[in-house]
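Asker: Just passing along the structure, written as structure tokens.
Read-outs throughout are calculated quantities, based only on the coordinates presented, and are distinct from any laboratory measurement. Bear in mind that the values here come from a model prediction, so they are computed numbers and not experimental data. Cβ atoms come from the backbone with ideal geometry, glycine included; neighbour counts cover every protein chain shown.
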């Protein structure tokens, strides 16, 4: 039996569409890999947000896993993830250090006073130099550093409890078992 | 414990879906009565277990079980009971469960209502619905389990997105899904027909009420979404051509084309392969919509949780279901070719034009929605296609569609004369043009060509719709529910066009910076910002403004827009203050606190906007009336007799 070509048009058009979707899925903007993964966490010694005389940095967490969360009071996504950060801090699994980016001290402190403070300490990075060392595209971003001081995970955009549960906790558990 | 039972029930439901597919399709192939009977039982069981699973998730929300990740992410202890229940479908996982429940419900309906169908055909329909069900349940179990536990449990939930804490949006998803999923029935009927390779008028008669019912739900769902966006997003717009909106509008256009094409297939046995293709397309576009919304492949203001892994799964599922159906179509449809003649001005011609124009509109929207994706995939840069493009392109097929609608309704089947109503149609056209000029000149002192054309087409469609039942009553012809439904729906289209023309032509939208005591004027109304106070709700605090609206010194109304901050955190939410009226809405929304006592205040004058939704309600009601027509409920034997009579004629 001869197959009239016009009846093939829908399935061919659909095949083209699927091909585009396959490419589109691979180009997801949330999937930018960080060259920092597997490398030692870049060191820094910055003034604390609340107290210019107190210097904070990765050295404070030597031998322990910790989170670095890049935020600013100007950042809508940070506002969005704040509740999730508070919940993560409440679980007491890992200390969170804040890296306050492109911000004014007063506004940032007022933000923490208003919304709650999930951070053990906050490093103040008004000109964003330290953030450039960490390869930060923008806020919010969250890094997980393991006990040996190696960056093992980077999340771009607001963190959610789902992401925390699915992507961060397994890494933390694996780190805990390693000698 | 209850969440684990829900998870278990979902697994059982999945296994029963597999049984439904195997026994349905296998039983039909083997002509095995026992298998076919088992498929029917599997449907009942599947529905019961999906319902149990859904019940378990609802229980977790009602009892505030924050040890369930999905509940902790989408609920809060202060959330009122109504929204705790609505939060079940407030995000991805629960939406899928609702999808699955709707599908199980429709399938159960098909099983209950189709006892008179040829048993193997019925088995195939059930089997295909089973395959779709497998896909969704596997998707949930593999990537989106709503029952995943959160260890350790969260002390407090993150709260339902405050945008979703609203009546219209609480009921919007279930209704929309009933529409989306309802097209699965027409899809399954079409695939079963393609497998069997024969199609008769009885097929069209079976498919029509199911399609009409699904289409009615989709109409209401889209209208609710538009109404919600109008008063909740704080922009005062009623349609944004957002990818998520387009995702629901495209299946609606395909469904509308399908309803009309089915009429031709039922009455005249024509357009068979085209009707089958539309039935496949309507549901395929529903699935495509789900993919676009859930995969994060397109960026949307309605953005829900997105995840590329989920996108990959849906895409694979899409490929199997839609690709499979289209291959089946390419293989089997050629033998369903129908040949019969009709005159160029017969009802068939007009319905053919209707289909061509609706599919053109659909293609333009699909192109506009996916264009950014194409460009990005071809590495030609990231682009967006805005509302102005859609607004313009959508008019191109819609204007001729409205014009032809008014004539086509009166055309006779097969024969090519309109003589009986021709003179009345000319009078209706004259009245429509005169009416449009009068409205433009007297009410708005504005006679722009596009506005006048819009009003004229709206009045033309409404008048022409009314001519039909009047002529029938005068001739003492019967007025079956299907005809009344068609008239009501077409009148609704005219009414919605009337509203759209009014609001798009004469709306006034302005933002002001006002302090208490100051005033601004738009559209001939004076808005005085007379007071500002703090307010406190069950789970939010905020401020409320008193905006006194007056016209020529006389008080019209008091608008009280609010700015809310939900206790659970998140962005501040806008509750617009709206005064509803037959000729216009007055709209005020509070923006940001600009400091020094000044607030940005958005004031809008929206003429005739209510008629958009009123029209949509009439359209849906017309669909309901048509679906309830007596001829779809005749006993099987009488129907068969009619069918053979129809094919003979």
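Asker: Under 10 Å, Cα contacts only: if you run a Gaussian network model on chain A, which one of A:109, A:25, A:169 comes out with the highest mean-square fluctuation?
Answerer: Evaluated over chain A, the most mobile residue of the options is A:25.
Asker: Another one. Nearest-5 percent of antiparallel DSSP beta bridges in region A:37-177?
Answerer: 60
Asker: For region B:75-152, state the semi-axes of the equivalent ellipsoid (square roots of 5 times the eigenvalues of the alpha-carbon gyration tensor), sorted largest first and rounded to whole angstrom.
Answerer: After scaling each eigenvalue by five and taking roots: 33, 16, 7 Å.
Asker: Over what distance in Å are the Cα centres of region B:111-165 and region B:53-68 separated?
Answerer: What the calculation gives is 16 Å, centre to centre.
Asker: For the protein assembly as shown, compute the orientation-averaged projected area of the C-alpha convex hull (one quarter of its surface), in nm².
Answerer: On the way: hull surface 157.7 nm².
Result: 39.4 nm².
Asker: May I ask for the distance between the Cα centers of region A:69-83 and region B:85-105, given as a whole number of Å?
Answerer: So the two Cα centres are separated by 30 Å.
Asker: Testing the spin-label approximation: label points 7 Å from Cα along Cα→Cβ at residue B:59 and residue A:133. State their distance in nm.
Answerer: 5.4
Asker: Label 7 Å along Cα→Cβ of residue A:45; region A:94-124 residues with amide nitrogen under 16 Å?
Answerer: Taking a point 7 Å out along Cα→Cβ of residue A:45, the residues of region A:94-124 whose backbone N falls under 16 Å are A:123-124.
Asker: Now a separate question. Could you calculate the contour length gain from residue B:378 to residue B:551, that is, 0.36 nm times the residue separation minus the distance between their Cα atoms, to one decimal place in nm?
Answerer: Difference between extended and current length: 56.7 nm.
Asker: Post the alpha-carbon centroid distance, region B:547-613 to region B:218-237, in whole angstrom.
Answerer: If you average the Cα positions of each part, the centres end up 16 Å apart.
Asker: Expressed in nm to one decimal, what extension gain is obtained for the pair residue B:148 and residue B:448 from 0.36 nm per residue of sequence separation less their Cα-Cα distance?
Answerer: 102.1 nm
Asker: Calculate the FRET efficiency for residue B:37 and residue B:541 from the Cβ-Cβ distance with a Förster distance of 60 Å, rounded to the nearest 0.05.
Answerer: With R0 = 60 Å, the Cβ-Cβ based efficiency is 0.50.
Asker: Can you figure out the FRET efficiency of residue B:85 with residue B:414, using R₀ = 35 Å and their beta-carbon distance, to the nearest 0.05?
Answerer: After rounding to 0.05, the efficiency reads 0.10.
Asker: Continuing with this model, one more query. Which of A:52, A:140, A:42 moves most in a GNM of chain A, Cα contacts under 10 Å?
Answerer: In the Gaussian network model the winner is A:52.
Asker: Calculate, in nm to one decimal, what residue B:353 and residue B:422 gain on full extension: separation in residues at 0.36 nm each, minus their alpha carbon distance.
Answerer: The span from residue B:353 to residue B:422 would gain 22.9 nm if fully extended.
Asker: Across peptide A:8-19, how many C-beta atoms of other chains are within 10 Å of each residue C-beta, on average?
Answerer: Values: counts 6, 3, 11, 10, 2, 1, 11, 4, 1, 8, 6, 1.
Average neighbour count from other chains, rounded to a whole number: 5.
Asker: Let me ask another. Distance in nm between label sites at residue B:598 and residue B:519, each 7 Å beyond Cα in the beta-carbon direction?
Answerer: Each label point lies 7 Å from its Cα, and together they span 2.0 nm.
Asker: Give me the one-decimal nm value for the distance between modelled label points at residue B:343 and residue A:12, 7 Å along each residue's Cα-to-Cβ direction.
Answerer: Using points 7 Å along Cα→Cβ, the separation is 3.8 nm.
Asker: Between residue A:147 and residue A:19, what's the calculated FRET efficiency when r is the beta-carbon distance and R0 is 35 Å? Round to 0.05.
Answerer: In this case the efficiency is close to 0.20.
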